[in-house]
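This report refers to the structure that appears directly beneath it.
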Amino acid sequence: MYGSVMDLLWVLSVSMLTVCVAIPMDAAAGSHSLFTCEPITLRMCQGLPYNSTFMPNILNHYDQQTAALAMEPFHPMVNLQCSPELRMFLCALYAPVCTEYGRMTLPCRRLCLQAKSDCYKLMDMFGVGWPEEMDCNRLFPDCDEPYPRPADLLSGSDSTESPISVQRDYGFWCPRELKIDPELGYSFMGVRDCSPPCPNMYFTREELMFARYFIGVVSIVCLSATLFTFLTFLIDVSRFRYPERPIIFYAVCYMMVSLVFFLGFLLEDKVSCNAASPGRFRASTVTQGSHNKACTLLFMVLYFFTMAGSVWWVILTITWFLAAVPKWGSEAIEKKALLFHACAWGIPGVLTVTLLAMNKIEGDSVSGVCFVGLYNLAALRWFLLVPLGLDVVVGVALLLAGIAALNRVRMEIPLEKENQEKLVKFMIRIGVFSVLYLVPLLTVLACYLYENSYRAIWETTWVQERCRDYHIPCPYQVETTSRPDLVLFLIKYLMMLIVGIPSVFWVGSKKTCFEWASFFHGKRRKEYALIWKQCGCLTSTEEMRF
């Protein structure tokens, strides 16, 4: 029996550690746009042999305004006429001739090499480097024709007379306001160097304010409940032995979780969001990665203790199983305490370090904390849904086996009436505690699954609503639009916090009241036991235990 239990622990450890393998975490979220030939508005490209262009260009500028900003460093070289080929070469890249859909016309390599050779020294004087995306030897065809070619001008004139509508999947284009310095390693909707807007992209400021105070109140309630459980344990450590000792560590984990959410309530969005930079045309964005030390610390504490709390619940079901099926005593179970602690703290530690190494920390603009899986669906699946789902399956299986064994003992072995009543009460407490834990945890899992299913639709809807404000491609042929309901998020946060409160129901008893009374009044326990017995509050058996 011992060997089977150890095998079960090993399978649990290995199964949870498999989520730490290298997983491609960036999933692109595509969107569709409608583009046509349009007149050239770039000042540098006026008066060319062609007068219409097509966006996006070869450098992935989605409109002429963006292309004009990218061309600004080259203006001095064009004005000084360092090369007769430079102006045409730049316009061929930034405002290419509009041809029929499906053709991408590039200037010849000779044009690129000539422009680079003529202007290289002058560019060096102005501190302008030759961009990598304009590498002459890699990108451009080996030919010796002028730009644009006669065939391009013919199709371009046809397009100008009767503009064609081009439908194509361009994906999500990161607005200039949401762009982030490349060295930070941010990503949003599959686009690098981009971050979600802050405040939250789905809710109004009034809704966010209500949600923040709601989370703050619930975190205070949970913090008070779990702190009471932990302090009750400290008053009399010997009272809570195995198999019920894991409840104390479980309470400690959720005490830390509620503390982090309370700190998020106090900090508002100071940690979870980056400050806006109007001078650089940057809006306030969600914090990502480990460059923000405060955000990293909140993430480490919150994720580590969330995972540790769920593992401690699994260990609690294991200890109940050992006590019910092979009839292990408290001393025998306690000998395995080191193994329990290694699993309960080691597995969450490995998962936390893995996320830090993968730089998958994300700020939560609703609660003010930092967590994982808020915008990255792959991280949500592998680092939240899989570990928590595995904990539920293993824990419920062991719990049902233990309860079945206790029920068999009650039915088959003749017990004294008092002992049988104690066994029934113990089984009821196990059942109530398990339901009070499982219902919130399963609700949280359901919320995560719902987010996983609808996040892409929410993001497409957000792009459709804000694309004109951000000057990015708008979606087209969107069959379904949807915005998340604030109630869904409130339920998720409520259940993440309320899952720690059941520990109070386990320690809540007359015995606990007696211990707190003797602690505050500083009197001997025997004196209080006598008083409580005289008033009928304690049985003689309970008095002997004191």
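One table, with the values for the structure above:
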read-out	value
Residue among R149, R138 that alone is among the basic types (K, R), open to solvent by 50 Å² or more (accessible area, probe 1.4 Å), assigned by the TED database to the domain that holds L90 and modelled with pLDDT of 75 or more	R138
Selected residue (only one of P484, P475, P440 is in contact with a strand residue (DSSP E or B) (Cβ under 8 Å, 6 or more places away or on another chain) and either at pLDDT 95 or above or under 25 Å from G373 (Cα atoms) (or both))	P475
Looking only at the stretch 260-310, and only at residues there that are hydroxyl-bearing (S, T, Y) and part of a strand (DSSP E or B), the one that is modelled with the highest pLDDT	T285
Near pairs, Cβ below 6 angstrom, 6+ apart or cross-chain, from the stretch 382-410 (assigned by the TED database to the domain that holds V432 and more than 30 Å from F371 (Cβ to Cβ)) to any residue that is open to solvent by 20 Å² or more (accessible area, probe 1.4 Å) and part of a helix (DSSP H, G or I)	A401/F321; G402/F321; L406/M427; R410/L423
Neighbours by Cβ (under 6 Å, 6+ apart or cross-chain): first from the stretch 417-439, in the same structural domain as S310 (by the TED database) and closer than 21 Å to S503 by Cβ; second modelled with pLDDT of 70 or more and surrounded by fewer than 17 Cβ atoms within 10 Å (Cβ to Cβ)	none
Matching option when the condition is more than 13 Å from the chain's Cα centre (by Cα) and either open to solvent by less than 10 Å² (accessible area, probe 1.4 Å) or assigned by the TED database to the domain that holds V311 (or both), among G363, G346, G373	G346
Sole exception among (1) at pLDDT 95 or above; (2) open to solvent by 50 Å² or more (accessible area, probe 1.4 Å) for R205, by number	(1)
Leading residue by the ranking (modelled with the highest pLDDT) among those in the stretch 173-188 that are open to solvent by 20 Å² or more (accessible area, probe 1.4 Å) and closer than 16 Å to E465 by Cβ	E177
Residue, modelled with the highest pLDDT, within the stretch 311-346, restricted to residues that are closer than 9 Å to P243 by Cβ and small (G, A, S)	S330
Answer residue from the stretch 213-227, given it is within 10 Å of I501 (Cβ to Cβ) and open to solvent by 60 Å² or more (accessible area, probe 1.4 Å) and is farthest from the chain's Cα centre (by Cα) among those	S224
Scope the stretch 459-472; condition in contact (Cβ under 8 Å) with a residue 60 or more places away in the chain, out of contact with any strand residue (DSSP E or B) (no Cβ under 9 Å at 6 or more places or on another chain) and among the β-branched types (V, I, T); matching residues	T460, V463
Residue match in the stretch 231-251 (condition: surrounded by fewer than 20 Cβ atoms within 10 Å (Cβ to Cβ), basic (K, R), in a helix (DSSP H, G or I) and assigned by the TED database to the domain that holds K293)	yes
Output for the stretch 273-323, where each listed residue is among the small types (G, A, S), within 18 Å of M256 (Cβ to Cβ) and open to solvent by 20 Å² or more (accessible area, probe 1.4 Å)	A294
In the stretch 457-508, the residues that are open to solvent by 50 Å² or more (accessible area, probe 1.4 Å) and not hydrophobic (A, V, I, L, M, F, W, C)	Q464, E465, R466, R468, D469, H471, Q477, E479, T480, T481, R483, D485
Residues (open to solvent by 90 Å² or more (accessible area, probe 1.4 Å) and either hydroxyl-bearing (S, T, Y) or at pLDDT 90 or above (or both)) located in the stretch 111-122	Y120
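Conditions (1) open to solvent by 40 Å² or more (accessible area, probe 1.4 Å); (2) assigned by the TED database to the domain that holds M123; (3) not aliphatic (A, V, I, L, M), marked per residue:
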{"site": "G47", "(1), (2), (3)": "yes, yes, yes"}
{"site": "N57", "(1), (2), (3)": "no, yes, yes"}
{"site": "H61", "(1), (2), (3)": "no, yes, yes"}
{"site": "A67", "(1), (2), (3)": "no, yes, no"}
{"site": "M71", "(1), (2), (3)": "no, yes, no"}
{"site": "H75", "(1), (2), (3)": "yes, yes, yes"}
{"site": "N79", "(1), (2), (3)": "yes, yes, yes"}
{"site": "L86", "(1), (2), (3)": "no, yes, no"}
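The values are calculated or read from the model by the stated rules, or taken from the named source; none is laboratory data. These figures come from a predicted structure and were not determined experimentally. Note: ideal-geometry Cβ built from the backbone for every residue, glycine included; neighbour counts use all protein chains shown. For accessibility, only protein heavy atoms count, side chains too; no ligands or nucleic acids. Shrake-Rupley method; radii C 1.70, N 1.55, O 1.52, S 1.80 Å.
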